[in-house]
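Note sheet for the following structure.
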Amino acid sequence: MLTRIVPFTLIALMTLVQDIELRPKLVTGDKFRLEVTRTRKDSARPNMAASGRTPVDVQVISAGADGFVLDWVPGDTVFDNPQVMQDPNIGAAAQATRGMRFRIALTGDGEFNGLLNEAEVAPKLQAIVGSVVGELAIRLPWDQRKKFETMMAQVLSPAALISSATQDAQVYWGLYGAALTPGESVAVDLEQPNPLGGTPIPATFTVRMDAATASAATITTTTTYQKDALTRMTLELAQRAGAPIKPQDAAKIPPMQMADDGKYDFDRVSGLMKNVAINRRIVAGGQERLDGWIITLVESPKR
């Protein structure tokens, strides 16, 4: 299942007392490199715990008061667990965006504002993922293939694929546009878009600027998702996949808990995040899954 961390739109925070604004200081032609490290641990599949590192080259195509346009180009993903790459489908999915150019729009404050070349990117993603889904379907008994393909079509809709493919960019630019006073903590109730489509997920997002100097600032965040909404998401997905869960069986679904913890190290000189680390913990019954993202600025713009 493809998941993503959605961007945190903090427009409400802009009305508060402003001290340090999280805004990029980019100019046209700037180039910099990031390294994205994703980790996953699943108690149901402990042998598949892995960490993958992907370099991302970023170039500023245009910069102005009304916003920025960037080219975001991921490179090869390298895993620390060889067993993961023995599965050709996982390997294909991991390399799906390699070398693909994502032309990304940011607002004037640096918030992620969408993909500009979706018409170019979407067919490529659909072709790659369609091949992976086809290989997986072949392994299933004939009478199960149709339900599986229907479910995957729901989960891997064009909008979901684009959202998943751009999730690293959404994570990196997720706090831009906010303005906080050092020591200030703010909690906001919001609705996060459902990564599987359907009803949005209510959540409480808390952000705090822990420390700040003339050159840097450290921000921490937490996101707690409403429990009932996570169960409802499961039921909706089953309904859309053509395999609705009966009410008596729905009551047996173990309660789910999901929460994100984040830390952002902001360079006030360049206006870039030097390091972003987010950990997501999902607990259902006796099972637990941990997903992590670390995005590090490894090469700053040369001016």
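The values are calculated or read from the model by the stated rules, or taken from the named source; none is laboratory data. Here the structure is a predicted model, which means the values were calculated and not measured. Cβ sites come from the backbone with ideal geometry, for glycine too, and all protein chains shown count toward neighbours. Ligands, DNA and RNA are stripped out before the accessible areas are found, and what is left, the full protein with its side chains, is counted by its heavy atoms. Shrake-Rupley method; radii C 1.70, N 1.55, O 1.52, S 1.80 Å.
Things to note:
- For residue 100, solvent-accessible area (1.4 Å; no DNA, RNA or ligand), Å²: 20 Å²
- In this label model, residue 216 and residue 275 are separated by 0.8 nm, measuring between points 7 Å along each Cα→Cβ vector.
- Simple spin-label estimate for residue 135 and residue 204 in nanometres, 7 Å along Cα-Cβ: 4.4 nm
- Whole-number accessible area per residue in Å² for the range 205-303, which is evaluated in the context of all protein chains at 1.4 Å: 52 Å²
- Distance between the range 23-40 and the range 253-277 - C-alpha centres, whole angstrom: 15 Å
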